[in-house]
Structures are given as C-alpha cells and as structure tokens.
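S.K.: Got a structure here, written out as structure tokens. Questions coming.
The values are calculated or read from the model by the stated rules, or taken from the named source; none is laboratory data. If you're wondering where the values come from, they're calculated on a predicted model, not measured in any experiment. Glycine gets a Cβ as well: all are built from the backbone with ideal geometry, and neighbour counts include every protein chain shown.
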Amino acid sequence: MHLNINIDTQKSSLFLDFLNLLKKDNMINDYKIISNTSLSSYEKELLQEIEQIPTAISHAEQGKGIKKEMVLSF
C-alpha cells in the first residue's frame, strides 16, 4: 500500500515518532520520507542518519559495538 501525506514542518517530529511506534509494533512494515522539493545537503545528510537508526538499534541488541558510559549534566 502506498500512502502520501503532507505534514506541517512543526508537526513532523511528532508524526515520525508515531510512524516509528507503528513500525515497532509491526503495524507497518517500513516507511520512506519523500519530498517533492529539493533538499539541502544538510537535510539529505540528516535523512541518511535517520535511516541508519534501525540498523544501529539492531546491532546494539545483538551486542555489537562498544558500550560507553554516558554522564549527563544539567
């Protein structure tokens, strides 16, 4: 099935979180972000990094990579 939705820029992060939730619950197989406008190099790089998140999570679940201790300071 193909679904085309035009999302307002301010609401896009909320919608992406919703799509990730549907994907995690196996309600959708996958999604792809397609833009009708020309993307800047920064936007293209950002989309490429977002596409790598599922692979990074999969590798982390399989114990691949290096564990680092994070310290957050506020």
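S.K.: Of all residues in the range 59-74, which are among the polar types (S, T, N, Q) and surrounded by 10 or more Cβ atoms within 10 Å (Cβ to Cβ)?
M.R.: None - no residue of the range 59-74 is among the polar types (S, T, N, Q) and surrounded by 10 or more Cβ atoms within 10 Å (Cβ to Cβ), so the list stays empty.
S.K.: State which residue is surrounded by the fewest Cβ atoms within 10 Å (Cβ to Cβ) when the search covers only the range 2-29 and only residues that are modelled with pLDDT under 75 and charged (D, E, K, R).
M.R.: Per the criteria, the residue is 8.
S.K.: Suppose we keep only residues that are modelled with pLDDT of 80 or more and among the polar types (S, T, N, Q) within the range 30-74. Which one would you say is farthest from residue 15 (Cα to Cα)?
M.R.: Looking at residues that are modelled with pLDDT of 80 or more and among the polar types (S, T, N, Q), I get 62.
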